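One structure below.
The values are calculated or read from the model by the stated rules, or taken from the named source; none is laboratory data. Note that the structure is a prediction, hence the values are computed from the model and not measured. With ideal geometry, Cβ positions are generated from the backbone for all residues, glycine too; neighbour counts draw on all protein chains shown.
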Amino acid sequence: MNLNPGITSLTRVVFGRFDRVGEWLAPLGLRLLLAYEFWESGLEKLNGMNWFADIQDQFPFPFNLVPPDISWQLATWSELIGPVALVLGLGTRFASVSLIILTVVAWASVHAGNGYNIVDNGFKLPLIYLAMFVPLLLTGPGKLSLDHWIARRFAG
């Protein structure tokens, strides 16, 4: 069965343009949304009181061995530095891995039943964050990023 060549050609042109725009904007949208969410959480910790001692026993191994004050500082600064890196697209994969680890620990110790749930089971919001990090981790920050600019600058 042969499709109309005009429709096939038009489809290739349109989707080709979407692909080129997507290389710039799709990862940027993920980076900005994730940056906003984690920045807000980091600011709350920076301006709040350390409640990690109350849930230290719920942290997964080996994070339950880290003193609560150190865990609080690590979480706070990961949630402040990581978003800046995401916005700039600088060290995006490293920032993504750091925030993925933070999300898994938060999911296991906080979200699953301690009042920070978007749904009753506490899994939906952290799962959404993790799913959003996957493209950034696997394909990078996109063309509208310092990582891309640095790679191009030093590749040639």
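Before moving on, here are some points about what is shown:
- Taking residues in the range 28-51 that are within 13 Å of Q73 (Cα to Cα), and partners anywhere that are surrounded by fewer than 19 Cβ atoms within 10 Å (Cβ to Cβ) and of a type in the set (A, V, I, L, M), the pairs with Cβ atoms closer than 8 Å and at least 6 places apart or on different chains are G42/L80; L43/L80; L46/L80.
- Selection of the range 90-99 for residues being in a helix (DSSP H, G or I), surrounded by fewer than 19 Cβ atoms within 10 Å (Cβ to Cβ) and among the hydrophobic types (A, V, I, L, M, F, W, C) yields F94, V97.
- Every test in (1) in contact with a helix residue (DSSP H, G or I) (Cβ under 6 Å, 6 or more places away or on another chain); (2) modelled with pLDDT under 95; (3) assigned to a loop (DSSP other than H, G, I, E, B); (4) not basic (K, R) is passed by L144 save one, and that test is (2).
A quick yes/no check of all residues on (1) at pLDDT 85 or above; (2) farther than 14 Å from G29 by Cβ; (3) of a type in the set (S, T, Y); (4) out of contact with any Phe, Trp or Tyr (no Cβ under 7 Å at 6 or more places or on another chain):
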{"position": "A106", "(1), (2), (3), (4)": "yes, yes, no, yes"}
{"position": "G113", "(1), (2), (3), (4)": "no, yes, no, yes"}
{"position": "I118", "(1), (2), (3), (4)": "no, yes, no, yes"}
{"position": "P126", "(1), (2), (3), (4)": "yes, yes, no, no"}
{"position": "L130", "(1), (2), (3), (4)": "yes, yes, no, yes"}
{"position": "F133", "(1), (2), (3), (4)": "yes, no, no, yes"}
{"position": "L137", "(1), (2), (3), (4)": "yes, yes, no, yes"}
{"position": "G140", "(1), (2), (3), (4)": "yes, yes, no, yes"}
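- Tally of residues being buried (at least 17 other Cβ atoms within 10 Å of the Cβ) and outside any helix (DSSP H, G or I) across the range 54-89: 2
- Close pairs (7 angstrom Cβ cut-off, 6 or more residues apart or separate chains): touching a residue at least 60 places away in the same chain (Cβ under 8 Å) in the range 134-156, of a type in the set (F, W, Y) anywhere: G142/W24; K143/W24; L144/W24
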